[in-house]
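Any read-out appearing in this document is the output of simple, stated calculations on the displayed coordinates, not a laboratory observation. Treat the numbers as computed from the prediction; the structure is a model and nothing was measured. Cβ placement follows ideal geometry from the backbone for every residue including glycine, while neighbour counts extend to all protein chains displayed.
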Amino acid sequence: MTTESADPKGATNDETDNTKEATEDVTITKFGSVTVKRNAPKPTATPGLALDWTKLGKPDDDDDDQHPEMPLRYPHDVTDDLQLTPDEIVLVGTAGLKITHLGNNLSNTCTDPHKLQRLVFRSHMIHKMEGLAAFTNLELLELYDNQIEELADLEVFASTLRTLDMSYNVIREISPVSCCENLTELYLANNKIKTMTGISTLTKLRKIDLGANRIRVIEELSNLIHLEELWLGKNKIEMIQGLET
């Protein structure tokens, strides 16, 4: 390629040994009488951030409404034999299909919901406590290792419930548990709880597990005269206090 424009020193492009011309897709370089054509380098994509495997299936702290896209599954979608005994339902999702919703008609799967005493849905992807209104004589409720965001409907079986296990969820507030005055065991480890507000009325408690939360202050224990075990490890507690009864 030859042009006649002069450079600042008075030399023309013809007198320059090396010239270079770039187009959008091709780079053309001249070395005297030799012309070399090469494809222009493509922009390099910025590598994505490494995937954090510890957060799979858990809602993001910055957007609690952001749930993973999953098929809609109810208990009856997972098994036809939900209730094996008249007083117990146990369905563990560590292998196979996982439930995403309990549904408002959960009691329809029972022969007699009022006789049910133990309800266990462990290791599923349940986001909401629902469909529990008919279980008025429940003694044990376990929704361990799910995606529950808040405690709900506990007042339905508040007088009969003895054990509540909601560990490994994303619960922030535990005050709704205050209505369950006959609780003897409460398990809420590995949630997002910041205060112990709500347990002072649970005077029959013998075991409390609030480990691996965000609690800073030990409180609400003075009325728990029957307490035998208290687990508060892996929190943000700076001072041991509030243990006097």
Electrostatic dipole magnitude of region 172-228 [Cβ: Lys, Arg +1; Asp, Glu -1; Cα centre; debye, to 20] = 240
task = Please report, in debye to the nearest 20, how large the charge dipole of region 115-245 is about its Cα centre when each Lys and Arg carries +1 at its beta carbon and each Asp and Glu carries -1 there.
result = 240
remark   = Taking region 90-188, the equivalent ellipsoid from its C-alpha gyration tensor has semi-axes in Å, biggest first, of 19, 17, 12
message = List the pairs from K98/K128; K98/K204; K207/K236; K128/K194 whose alpha-carbon separation is above 25 Å, in the order I gave them.
response = K98/K204
Radius of gyration and Dmax over the Cα atoms of region 115-245, both given in Å = 14.0, 45
request  = Rounding to the nearest 20 debye, state how big the charge dipole of region 68-150 is about its Cα centre with +1 on each Lys and Arg Cβ and -1 on each Asp and Glu Cβ.
outcome  = 60
Phi-based couplings in Hz for region 157-172 (Karplus 6.51, -1.76, 1.60; Gly and Pro marked x) = 10, 4, 7, 10, 5, 10, 10, 10, 10, 10, 5, 6, 10, 10, 6, 10
Charge tally in the Cβ shell below 13 Å around D153, where Lys, Arg are +1 and Asp, Glu are -1, D153 excluded = -2
ask   = Per residue, what volume in Å³ does the convex hull of the Cα atoms of region 195-245 enclose?
value = 63
